[in-house]
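Notes for the one structure printed next.
None of the figures in this text is laboratory data; all of them are computed from the coordinates on show. All values derive from a computational prediction rather than experimental measurement. Quick reminder, even Gly has a Cβ in these numbers, built from the backbone with ideal geometry, and neighbours come from all protein chains shown.
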Number of protein chains: 4
Amino acid sequence: MQRIEALSDGVFAIAMTLLILDIKVPISEVIHAESDLIKAFFGLTPKLLSYFLSFITLGIYWAAQSTQFHFITKSDRRLNWINLFFLLFVSLIPFTTAFLSQYITFRFAIFVYWLNIIMLGLILALHWNYANKNNFISLSENENIQVTKAIKRRVVESSLLYTLGALLGFINPYLSLLVLIAIQLNYALALISRPPIHKKVHSSKPDE
Amino acid sequence: MQRIEALSDGVFAIAMTLLILDIKVPISEVIHAESDLIKAFFGLTPKLLSYFLSFITLGIYWAAQSTQFHFITKSDRRLNWINLFFLLFVSLIPFTTAFLSQYITFRFAIFVYWLNIIMLGLILALHWNYANKNNFISLSENENIQVTKAIKRRVVESSLLYTLGALLGFINPYLSLLVLIAIQLNYALALISRPPIHKKVHSSKPDE
Amino acid sequence: MQRIEALSDGVFAIAMTLLILDIKVPISEVIHAESDLIKAFFGLTPKLLSYFLSFITLGIYWAAQSTQFHFITKSDRRLNWINLFFLLFVSLIPFTTAFLSQYITFRFAIFVYWLNIIMLGLILALHWNYANKNNFISLSENENIQVTKAIKRRVVESSLLYTLGALLGFINPYLSLLVLIAIQLNYALALISRPPIHKKVHSSKPDE
Amino acid sequence: MQRIEALSDGVFAIAMTLLILDIKVPISEVIHAESDLIKAFFGLTPKLLSYFLSFITLGIYWAAQSTQFHFITKSDRRLNWINLFFLLFVSLIPFTTAFLSQYITFRFAIFVYWLNIIMLGLILALHWNYANKNNFISLSENENIQVTKAIKRRVVESSLLYTLGALLGFINPYLSLLVLIAIQLNYALALISRPPIHKKVHSSKPDE
């Protein structure tokens with residue numbers, strides 16, 4: 001494992017767990033009966049949902065980056081810096097998710113969240129392009145064309161979907177949010193319908 | 001080491017150390033003599049106990065996941081997502097433990113803690129099943145049957161014990177808590193009586 | 001990968017993500033319209049800039065340390081301790097960056113930030129010298145001379161530039177800050193003009 | 001690298017960087033001139049010293065654990081649990097150091113700090129003994145005797161020194177603290193006088 005991958009895992013692990021610090025145990029002074037505690041706990045629902053949302057978002061991009069590194073066997077300083085900028089936007093996710101969950105009815109909050117996610121997609125696309133152009137990828141030409149097509153289709157597809165979801169915010173923020181969540185769950189849970197990217201290539205390493 | 005293992009170690013390491021942030025050094029204004037300081041320190045006992053409890057819980061599930069990865073030599077995108085959901089519940093442990101330690105006399109707090117632990121067990125069982133069904137496990141058929149049986153027995157055993165412990169909460173929350181702690185110490189400290197799972201298989205890697 | 005590298009990646013990953021904790025979602029009580037939220041968001045600009053600055057600084061020194069470890073194949077306890085002191089100053093970066101961003105018009109804040117960065121450069125130079133003197137570097141004598149020259153030139157160059165930038169603080173703190181940021185962006189973004197250090201040596205591992 | 005080592009590096013990295021969160025940038029309202037800022041910065045001295053002290057302590061035990069793992073090539077579930085308890089006391093160090101730095105004139109604070117450090121030493125000694133008894137160590141019998149002797153001498157020596165330092169607290173807490181710091185600096189900086197433990201054995205891996 002290269003050091004940039006180890007650094008990435010560290011940044012992802014911290015970003016995934018940081019938001020839990022935001023979920024405080026409810027204060028005990030107003031809690032006397034079981035029903036008080038249950039009510040206080042369900043008062044945390046927005047924070048817990050925000051936590052789940054953030055975790056799944058980060059899981060999606062961690063998996064996507066893993067897939068790329070699975071095929072990229074060389075790197076140089078520029079590729080490292082593309083990755084560092086990717087990580088910069090990864091570590092912003094806890095903030096933009098909290099911002100969205102606090103202001104779910106505001107178009108601007110949806111815009112900021114959308115921008116963060118689009119940046120992640122764009123940098124990953126740039127990452128693959130750069131690696132491809134410099135022959136850092138260990139695939140036969142034929143496989144490479146297939147994988148590159150699959151990666152590009154995903155980035156374009158998901159960017160369009162996220163943009164559509166964000167634009168719905170001009171009609172109704174709640175609708176927009178529901179679509180954003182649906183897109184993410186689709187990625188995370190569409191385990192049955194979609195075949196993995198490199199089905200015919202390897203099977204012993206993480207794909208998406 | 002696969003990246004999902006590196007990510008797991010990161011999430012576990014952070015979850016294990018986060019709670020210490022909750023233990024604040026007592027404020028100095030009211031402390032004038034040694035006896036004041038000693039009293040203030042022992043006032044931190046519930047927080048320190050909660051810290052130990054959380055650490056041991058996380059240690060148990062880290063060890064259980066390690067055991068599985070020791071035998072699993074392939075993976076795919078679905079197995080990765082099962083692991084990501086496992087990690088999601090791992091990073092909730094500091095919160096549910098703090099919730100329990102703050103409200104030890106409440107049945108609902110015991111229920112939430114129990115639910116978190118049961119989810120960890122269930123996802124780990126699902127993890128092994130999925131890996132097994134897809135031939136990701138590098139064991140002879142005979143060894144596989146033995147190890148699978150041992151892993152399932154543990155999950156069923158511990159789930160039953162935790163459920164029993166939680167149900168005791170309807171009689172007496174303190175009794176329930178004591179049983180929960182006893183179960184965890186049993187796992188952590190039963191170093192002498194129980195043979196490791198894969199005694200006859202390997203000995204150079206972490207088991208449970 | 002040696003353990004000191006794994007520890008370094010952990011410390012860098014945490015230092016890179018810690019500052020985001022400092023950027024709090026604006027409080028909702030005063031926010032009623034989209035324009036309030038946009039104004040509140042742009043009120044976070046200094047914190048976000050400080051976050052980017054800190055991230056890039058850490059990226060530069062992470063890359064520089066990676067380059068050295070790429071060539072250093074042996075180590076001893078002294079080299080480990082040189083690295084531990086390097087990591088000590090790495091984990092100070094979030095603090096000194098926050099200190100600078102809070103007091104950008106103060107010469108002393110620029111001085112503290114400059115001192116932190118100079119220490120990182122000096123320790124890295126010491127690190128390479130020690131490894132070199134003890135034959136821990138796996139390069140032919142000729143390559144070694146080239147790489148050593150390149151590393152030293154960088155440390156001297158950047159130290160002089162940072163010092164110049166800091167000294168400008170006596171004339172105008174803002175000017176000084178702009179020069180400091182320009183120097184860092186030059187390192188991070190000068191991807192096109194400067195060839196990597198070990199162009200002729202390897203290309204499958206991180207360089208600077 | 002085994003997963004227990006990766007987990008250890010994560011816990012150490014977090015423990016090493018957590019304390020920086022405790023060092024807040026001084027509030028700007030009372031700061032108008034350079035001299036105010038300099039005064040405010042030097043008001044942070046106890047916190048910064050405490051940070052350095054904690055970092056060095058953790059560095060010492062990280063290096064000691066690395067040395068042991070360098071020679072230990074097998075492990076089982078019990079050895080993993082010994083390590084997990086070691087990590088539990090590692091992650092307490094930021095708390096006990098902050099406790100000490102807040103109450104440097106109190107014997108009880110010195111006692112708690114001393115206890116934490118002694119526990120780390122004892123668990124490491126137990127770790128080596130257990131690995132030795134179960135033939136997990138890849139050394140010839142002769143080398144093993146030498147290394148075991150060196151490790152034990154260090155644990156006994158340092159425990160005695162720390163105990164002596166702590167006992168001085170009954171005479172004068174400041175004296176006690178000075179001796180504790182001197183002991184730690186001796187470990188960290190005695191790079192010239194003491195030869196590494198396994199001088200004749202290996203030289204490509206971290207020793208103490």
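Cross-link reach is defined here as a Cα-Cα straight distance under 17 Å, omitting same-chain residues fewer than 8 places apart; for C:Lys74 the aspartates and glutamates meeting it are C:Glu5, C:Glu141, D:Asp207, D:Glu208. Annotation for C:Pro46, label-to-label distances across the other copies: 2.8, 2.8, 4.0 nm (shortest first, one decimal, point 7 Å from Cα along Cα→Cβ). Here the convex hull built on the C-alpha positions of segment A:45-121 has a volume of 71 cubic angstrom per residue.
Placing a label point 7 Å from Cα along the Cα-to-Cβ axis, B:Val30 is separated from the same position in the other copies by 2.4, 2.4, 3.4 nm, shortest listed first.
Using helices alone, I'd like the mean residue ellipticity at 222 nm for chain C: each DSSP H run of four-plus residues gives -39500 (n - 2.57), total over residue count, nearest 500.
Dividing the helical sum by the residues of chain C leaves -25000 deg cm²/dmol.
Show log10 I(q)/I(0) for chain A at q = 0.14 Å⁻¹, two decimals, from a solvent-free Debye sum over equal Cα scatterers. Relative scattering, expressed as log10 I(q)/I(0), comes to -0.88. Compared with the dominant principal axis of the Cα atoms in chain A, helix A:173-189 is inclined by about 50°.
Entry note, chain B: relative contact order of 26 percent, from Cα contacts under 8 Å with a spacing of 6+ residues. The mean count of C-beta atoms from other chains within 10 Å of the C-beta of residues in A:73-80, rounded to a whole number, is 6. Summary of the geometry: segment C:136-167 and segment D:1-70, compared by the centres of their Cα atoms, lie 28 Å apart. For the protein assembly as shown, the alpha carbon positions stretch 69, 69, 58 Å along the principal axes, listed from largest to smallest. Scaling the Cα radius of gyration of segment B:1-107 by the globular reference 2.2 N^0.38 Å produces a ratio of 1.40. Distances between equivalent label points of A:Lys152 across the copies, with each point positioned 7 Å along Cα→Cβ, amount to 4.8, 4.8, 6.8 nm, shortest listed first.
The average projected area of segment D:18-59, computed from the convex hull of its Cα atoms over all directions, is 3.1 nm².
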